[in-house]
Amino acid sequence: MRIDASALRENLAAVRASVGPDAGLVPMVKADAYGLGMESAWRALVSEDPWGWGVATVEEGAALREAGAERPVVVFSPPGLHELPAAAAADLTVTVSHVRALEALAELGRKGRAPAFHLEVDTGMGRAGFDWRRRAEWAPRALEAHGAGAPWTGCFTHLHSADEGPETVARQWARFQETLDALPRPDGPFLRHVLNSPGAFRAPEHALDLVRPGIFLYGGRIGAGLPEPRPVASVHARVVHLRDAGEGDTLGYGATHVAQGPERWATVGLGYGDGLPRALGNRGHALVGGRRVPIVGRISMDVTVVDISSVPSVSLGDVVTFLGSDGGERITVDEVAERVGTISYEILTGFTPRLPRIWEEGSHGA
Ligand SMILES: *Cc1c(COP(=O)(O)O)cnc(C)c1O
């Protein structure tokens, strides 16, 4: 996998241009920066002067600190209560969705060992956050934790459908505003945030204090009518075997491909063990010699076969592209995702550690 650090920076700059200079940027580098490499992503983006970093787990946050990150690090999945001391030790800001967590924070606060926290408000996502209608129950408990020494430094909500259209964004925004208006404010800094990647372009007027872009930075599309990111990651492997097949010859596990006449097959050193979706078998494409060729047969753990009958010049050791461009042809991560019925996020995070991540400056061209 080759990763273009300058394209990553340009995508973050595009988010900045959309939301304006006053909102702080929190690049989401969770899940190993969507599979591309968290530490490298941090190094590539720090010059863009983000406010801080977004991760999902306390472990990810601690790893980022260990790598040398100095700015605020916010852990966005609800942490286990037993993880709160580790979060404090690594100077992470946790996010809180439950009264039990507020109680645990207050208890740690009294011992001087509590992390700061942002409170998540559930305005329709449902998977985490305090119910926006029931703030009378949770808001006093958050203030209590703050008073006990666990700094309450922010409040946020998460949009569920900003990629699909503006209606639900408006509804969630109204609920969040109603919550903020009625909320008692702790003393000290208090940061409000709502926008993910599609939100940052769909509704930049809702940027408030911080924005939290993820997939757009890494080259994933964010919805019809919204800007296209620069491609960031590409995946290539070499031809390790060539075969001239004749009518009736079978290919791969299950012999799901049978040559209908003379065909030329190239075996490439990349399989589902590297994270190439197995569902691309007999369905996906690759690029070689500037041409688009079909993947034939089932994808194996370690190799994939492409039909190069239309590109007879291919030889052993040639580079085949499964994601990215070759000549005038390009395969985007969204094309791959659509072909196998999923989203770009799952394709990118699915690439396994066996696939080396090679970070470069400007490798994917203008
Ligand atoms: C992952 C995540 C984001 C980023 O979402 P994208 O759709 O990748 O931009 C933002 N906020 C929270 C809370 C998240 O978990």
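All of the numbers you see were taken from the coordinates with simple rules; none came from a lab. Given the structure is predicted, the values throughout are model-derived calculations rather than measurements. Cβ coordinates were reconstructed from backbone atoms using ideal geometry, including for glycine residues, and neighbour counts include every protein chain displayed.
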- Remind me, relative contact order of segment 42-128 in percent, using alpha carbon pairs under 8 angstrom and six or more residues apart? 24 percent
- Note on the structure: Rounded to the nearest 10 degrees, the helix 99-110 long axis (Cα) sits at an angle to the longest Cα principal axis of the chain of 60 degrees
- Give me the percent of DSSP beta bridges within the chain that run antiparallel, rounded to the nearest 5. 55 percent
- Query: Ranking THR123, THR332 by Cβ neighbours within 10 Å, fewest first, what do you get?
  - Reply: THR332, THR123
- Item | Exposure proxy order (Cβ contacts within 10 Å, fewest to most) of GLU263, GLU144, GLU164, GLU66 | GLU66, GLU164, GLU144, GLU263
- Taking Cα pairs under 8 Å and at least six residues apart, what relative contact order does the chain come out at, in percent? 17 percent
- Message: What does the net charge come to around GLU66 if you take all other residues with beta carbon closer than 11 Å to its beta carbon, with K and R at +1 and D and E at -1?
- Response: -2
- Query: Per Stokes-Einstein, at 37 °C and 0.692 mPa s, what whole-number D in µm² s⁻¹ belongs to segment 1-72, with the Kirkwood radius over Cα pairs as the hydrodynamic radius?
  - Reply: 264 µm²/s
- Message: Tell me the Kirkwood radius of segment 305-355: reciprocal of the mean inverse pair distance over distinct alpha-carbon atoms, in Å.
- Response: 12.9 Å
- Message: From the gyration tensor of the Cα coordinates in the chain, what semi-axes in whole Å does the equivalent ellipsoid have, largest first, with each one equal to sqrt(5λ)?
- Response: 46, 20, 18
- Separation of segment 1-32 and segment 116-153 by C-alpha centroid, Å? 28 Å
- Output ³J(HN,Hα) for segment 118-124: one whole-Hz value per residue in order, computed from phi by the Karplus curve 6.51 cos²θ - 1.76 cosθ + 1.60 with θ = phi - 60°, and x for Gly and Pro. 10, 9, 8, 10, 8, 10, x
- Message: Going by Cα centres, segment 275-312 and segment 224-263 are how many Å apart?
- Response: 1 Å
- Note on the structure: Going fewest to most other Cβ atoms within 10 Å around each Cβ, HIS241, HIS160, HIS206 line up as HIS241, HIS160, HIS206
- Task: Express the relative contact order of segment 106-184 as a whole percentage, based on alpha carbon pairs under 8 Å and six or more residues apart in sequence.
- Result: 37 percent
- Task: Using per-residue counts of other Cβ atoms within 10 Å, averaged over each peptide, order 170-182, 109-121 from highest down.
- Result: 109-121, 170-182
- Under a no-solvent Debye model with one identical scatterer per Cα of segment 60-133, what's log10 I(q)/I(0) at q = 0.11, 0.12, 0.16 Å⁻¹? -0.28, -0.33, -0.56
- Message: Per 0.36 nm of contour for each residue apart, how much would the distance between VAL46 and ALA174 grow if the chain were fully extended, relative to their Cα-Cα spacing?
- Response: 42.8 nm
- How big is the Cα convex hull of segment 77-172 in projection, averaged over all directions, in nm²? 6.2 nm²
